[in-house]
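Structure first, commentary second.
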Amino acid sequence: MLTFALRRLLLSVPMLIVIALVIFLLLDVAPGDPMGNLPQTISPEVRAQMREALGLGEPLHVRFWKWMVQLFWVEPQVLIDHVFGTSLAVDKPRVLSWQSRAPVMFEIAQALPQTLWVVGTAYVVGILMALPLGIFAAYRQYSVFDNASTFVTMVGYSLPPFLTGPLIIFVFSVQLDLFPFIYETSHRVTDWESFTYQVKQMVLPVLVLSVQTTAQISRYMRSAMLDNLSQDYVRTARAKGMSEWVVVMVHVLRNSMIPVVTVIALGAPAIFGGAIITEQVFAINGIGAQLIGAIKANDLPLVHTLTFLFAVLIVLANLLADLLYGLLDPRIRYG
Amino acid sequence: MADPLRVSHGLWRDILRQFMHHKGAVFGAGLFAAIVIGVLAGPLLWDVAPDAPDFSARNAGPSAAHPFGTDQLGRDLLAQVLAGGRISLSVGLAAMVLSVGLGTLVGVAAGVFRRLDGPLMRLTDLFLSLPLLPLLLVIVMLFREALSASVGTNTGIFLLIVIAIGVTSWMPVARIVRADVLSVREREFVLAARASGTTQMRIITRHILPNILSPIVVSATLGIANAIITESALSFLGLGFPSDFPTWGRLLSDGVVYLSEFPWRVFWPGLMISLTVLSVNFMGDGLRDALDPRLRGRAAPL
């Protein structure tokens, strides 16, 4: 298991480098000019100097190498400096945003907590709703509850967040005036009142994001439970006189959770993608909104780094899913 | 060799029977057919131009002259929804054909030719690890102007969005197809075909492809829904079709701004997107059950 984990971890490094290269090359053919937004009055010589300062004059492989070094060598040092108060990375070049001239990682570090809060809460809420739904739907297969939940999850799965988001805002914020319709990023939790406000402004985005999670995971939960409920060991457990609760919630559930846990791990990055749309709907100042802003402003370093960050999340989730599968299921042995 | 249609007659009838038992699937297929027919034939019955402004009825609510209401320039929303539907459905169908075609090609190549299996599956893994929505946004941003300049704005963006969705959604199909090809190619009838001197190409087209048709059909059905949602999401994020080019996603995102005053502008395109995706998903569900020989002949759910 340990060798498998190590090999899997080592394999993801070249994968990430290739992904970084793909993202870099794709963006490099960009016909857009980062200097396009500057005023016309700037003379060509100054323009050329500014291009030089942005690192645009150098050949492709040099820029890729510089970006990789800055991302994997300088940025970790900055992090170490920040945590331990050392000064490893002083005066070393960092990846700079073309928009704000601030380090890209600094910009991302400011936006990431918003996304993590909303997305993380939504994912947990979604899972907590999905599991009981799937379990009960499978236990009473083809019952009214099962058919109703099939229909509801199908509808929830089919409604895109850019439709449910505005509709929910319309009903709950505009008509009923229950929740604020814009997420206030600068809001700080200091006392009970500000905490309730924070909860209130998170309700709608979390609701929109968790609908998709619930719909997907409850389907997996249901089919995994169905697979196990018809197994022989269930009949044996019942024949031994175990209570129905123990049979379903201990024996069947534990076996059914194996594929579901991997689906949960695999689905985590996808919800970050979904957050791009939800952040747009609720005006949350997270990394999704940052990405859209950077794309529209042609801020290549920020787009590079954010896209790469999404890729890292996906690769990590795949890794986690593989390892969890091996850990949870004793029938799987990695040679 | 006997006529394959005649031989498989009983099979198709079985599949149809199983499909008809699945009430959700029949409902989905009916609804989808109704939407397609409505969008295609609708303009014949409702011949208002979708881009004709009517300044006397701007932002009007539903009325006899404008059953779905109008937008801020007084353009008829019903006509726009009908015109947008044709574009959204064509984007969905074209992107689906591209993604299923690519996926089948990669899957069959990886399954049949041992030497290609490793590289192609690593390529699939690589594509699966790419952050797709961010990349889609980036692709559209990068190539929009270049393509618009060479083949015209509307054709350019149509091609771009179809290709972008196609090349970012073929991976699941490739994986499923490869797995099925691997199991089919070891069967006796493939061996028999090879022994009787059938060429590789003919083995693929005559013996392997017909046997892996069911996962392809199911992926194709669900692919339409995926493509329509992705197109709408791109339009919603401002990186899809331009504003004067109505698609359901475009109409929806244009209407969201006016949601509190004129909710019908969100309602109709939103309803059409949701109904299409819902009907396609139900249809895919039913097809999956109908095409799965292990489930066929059993009591149908719902």
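The values are calculated or read from the model by the stated rules, or taken from the named source; none is laboratory data. Computed from a predicted model, the values in this text were never measured in an experiment. Glycine gets a Cβ as well: all are built from the backbone with ideal geometry, and neighbour counts include every protein chain shown.
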### Query
So B:Ile165 clears everything in (1) at pLDDT 90 or above; (2) touching a His at 6+ places or on another chain (Cβ under 8 Å); (3) β-branched (Val, Ile, Thr) except one condition, right? Which one?
(2)
### Task
Taking the options A:Val211, A:Val203, name whichever one is within 14 Å of another protein chain (Cβ to nearest Cβ) and aliphatic (A, V, I, L, M).
A:Val211
#### Entry: Matching option when the condition is in a loop (DSSP other than H, G, I, E, B) and at pLDDT 75 or above, among A:Ser100, A:Ser87
A:Ser100
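Here's the yes/no breakdown for (1) in contact with a helix residue (DSSP H, G or I) (Cβ under 9 Å, 6 or more places away or on another chain); (2) part of a helix (DSSP H, G or I); (3) away from chain B (no Cβ under 13 Å):
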{"position": "A:Ala109", "(1), (2), (3)": "no, yes, yes"}
{"position": "A:Tyr123", "(1), (2), (3)": "yes, yes, yes"}
{"position": "A:Pro132", "(1), (2), (3)": "yes, yes, yes"}
{"position": "A:Phe136", "(1), (2), (3)": "yes, yes, yes"}
{"position": "A:Phe162", "(1), (2), (3)": "yes, yes, no"}
{"position": "A:Pro180", "(1), (2), (3)": "yes, no, yes"}
{"position": "A:Thr190", "(1), (2), (3)": "no, no, yes"}
### Query
Out of the stretch A:14-26, which residues are surrounded by 11 or more Cβ atoms within 10 Å (Cβ to Cβ) and either away from chain B (no Cβ under 14 Å) or at pLDDT 80 or above (or both)?
A:Met15, A:Leu16, A:Ile17, A:Val18, A:Ile19, A:Ala20, A:Leu21, A:Val22, A:Ile23, A:Phe24, A:Leu25
### Query
Quick check: is even one residue across the stretch A:314-325 within 10 Å of another protein chain (Cβ to nearest Cβ), in contact (Cβ under 8 Å) with a residue 24 or more places away in the chain and of a type in the set (Gly, Ala, Ser)?
yes
### Filtered residue count, the stretch A:264-289, keeping only those that are more than 14 Å from the chain's Cα centre (by Cα) and assigned to a helix (DSSP H, G or I)
3
### Query
Based on what the data block shows, is B:Ile229 within 14 Å of chain A (Cβ to nearest Cβ) and either more than 19 Å from the chain's Cα centre (by Cα) or touching a residue at least 24 places away in the same chain (Cβ under 8 Å) (or both)?
yes
### Summary
Scanning the stretch B:119-133 residue by residue, those under 14 Å from A:Leu11 (Cα atoms) and either crowded, with 19+ Cβ neighbours inside 10 Å or in contact (Cβ under 8 Å) with a residue 40 or more places away in the chain (or both) turn out to be B:Ser129
### Summary
Residues of the stretch A:282-298 being surrounded by fewer than 23 Cβ atoms within 10 Å (Cβ to Cβ) and at pLDDT below 85, in sequence order, are A:Ala283, A:Asn285, A:Lys296, A:Ala297, A:Asn298
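So that you can scan it fast, the table gives a plain yes or no per residue for (1) over 24 Å from B:Leu234 (Cα atoms); (2) within 22 Å of the chain's Cα centre (by Cα):
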site: B:Gly111; (1), (2): yes, no
site: B:Thr124; (1), (2): no, yes
site: B:Leu136; (1), (2): no, yes
site: B:Ile161; (1), (2): no, yes
site: B:Ala174; (1), (2): yes, yes
### Query
Looking at (1) surrounded by fewer than 20 Cβ atoms within 10 Å (Cβ to Cβ); (2) farther than 30 Å from A:Gly286 by Cβ, which is the one condition that is false for A:Leu207?
(2)
### Message
Quick check on my filter: what residues within the stretch B:259-281 are touching a residue at least 12 places away in the same chain (Cβ under 8 Å) and either at positive phi or at the interface with another protein chain (Cβ under 7 Å from one of its Cβ atoms) (or both)?
### Response
B:Val266, B:Gly270, B:Ile273, B:Val277, B:Leu278, B:Asn281
### Query
If you check A:Val303 against the conditions, is it farther than 23 Å from A:Leu10 by Cβ, within 20 Å of the chain's Cα centre (by Cα) and touching a residue at least 40 places away in the same chain (Cβ under 8 Å)?
yes
## Note on the structure
Restricting attention to the stretch A:80-100, the residues that are closer than 22 Å to A:Ile23 by Cβ and either of a type in the set (D, E, K, R) or within 24 Å of the chain's Cα centre (by Cα) (or both) number exactly 4
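A quick yes/no check of all residues on (1) in contact with a helix residue (DSSP H, G or I) (Cβ under 6 Å, 6 or more places away or on another chain); (2) charged (D, E, K, R):
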| residue | (1), (2) |
| --- | --- |
| A:Arg235 | no, yes |
| A:Trp245 | no, no |
| A:Ala283 | no, no |
| A:Ala289 | yes, no |
| A:Ala311 | yes, no |
| A:Asn318 | no, no |
| A:Gly326 | no, no |
### Query
Just for the stretch B:218-267: of the residues that are acidic (Asp, Glu) and in contact with a Ser or Thr (Cβ under 9 Å, 6 or more places away or on another chain), which one is modelled with the highest pLDDT?
B:Glu231
### Task
Looking for whichever is without any contact (Cβ under 8 Å) to a residue 12 or more places away in the chain, of a type outside the set (Gly, Ala, Ser) and touching a helix residue (DSSP H, G or I) at 6+ places or on another chain (Cβ under 8 Å) here; the options are B:Leu142, B:Leu147, B:Leu159. Which one fits?
B:Leu142
### Task
Being among the small types (Gly, Ala, Ser) and under 21 Å from A:Gln175 (Cα atoms) is the filter; apply it to the stretch B:245-258 and report the residue that is nearest to the other protein chains (Cβ to nearest Cβ).
B:Ser253
